[in-house]
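Heads up: the structure comes next, in structure tokens.
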């Protein structure tokens, strides 16, 4: 079985974001607690990680891997923690010399967010293959993401491949994501993820039929590490992320990420890599 390196690039998307996992703090001056809570829940939907500390204006995250994969991820926020846009570029040199390039553009619009992703394959400076997919995320009257759909564009045709719905508790926290996928030869498959919080209200676990992710903090309320174990069909993976440096606000500025893929039941890894991640923040003046 040949390892599909694009799986690594896709998984690194979440790693680049999840390395910034922190509990939300008190709402900045001029921000309503309700708005801050809704923006925090939407951020969890979009990034699958807890919100950042403080009133972040932007963050640029650069990840470099031992297997010739690099990712630059830039997030921009309006005040009160509202994610306005995210731009991501990932490049990975394959074993046959071809270059895999993935770009992702997430932008807020009037009724929610739209994310356009392009996977391209380059050989001798020429693009030899391309797949585009688009995901739309819609909000309810309160501004919370309520549902989403995604599809792949091939030429002029667009076929919806997946649909999502999101559910919240009385504290406006995201507690469940339900999805219906038609990726398996057009036959719908239902799956869900549960979101759990600790006694301090911080996102502590994301669990589902395909993966289980845990977040941990130190005594200074700073995020320290996350562990993510996944199992999809005959493939299983383990991803461990550890922060080693923080800024004065408490957000991570340097982290390492280790990942291993192997066949279910095998002790031999099909692929393993280590990445270093650096962060640069800009903050709004409260």
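The fraction of all Cα pairs in segment 236-283 landing in successive 10 Å bins from 0 to the largest distance is 24, 36, 23, 13, 3, given as whole percents. Working note: Cα atoms of segment 112-264, range along each principal axis, descending, whole Å: 53, 46, 35. Scaled to the globular estimate 2.2 N^0.38 Å, the Cα spread of segment 207-286, given as radius of gyration, is 1.35. Rg over Rh for segment 192-250 works out to 1.05, both radii taken from alpha-carbon positions and Rh defined as the Kirkwood radius. Computed on the Cα atoms alone, the convex hull of segment 58-121 gives a volume of 65 cubic angstrom per residue.
Computed from the C-beta positions of residue 218 and residue 126 and an R0 of 41 Å, the FRET efficiency is 0.25 to the nearest 0.05. Peptides 63-70, 40-47, 216-223, 266-273 ranked from most to least packed give 40-47, 63-70, 216-223, 266-273, packing being the mean of other C-beta atoms within 10 angstrom over each peptide's residues.
Here is the size of segment 49-90 from its Cα atoms: Rg then Dmax, 12.1, 38 Å. Neighbour counts of other Cβ atoms within 10 Å put 252, 31 in the fewest-to-most order 31, 252.
Quick note: the coordinates plus some simple rules give every number you see, no bench work behind them. Because the structure is a prediction, the values reported are computed rather than measured. Every residue, glycine among them, receives a Cβ derived from its backbone with ideal geometry; neighbour counts consider all protein chains shown.
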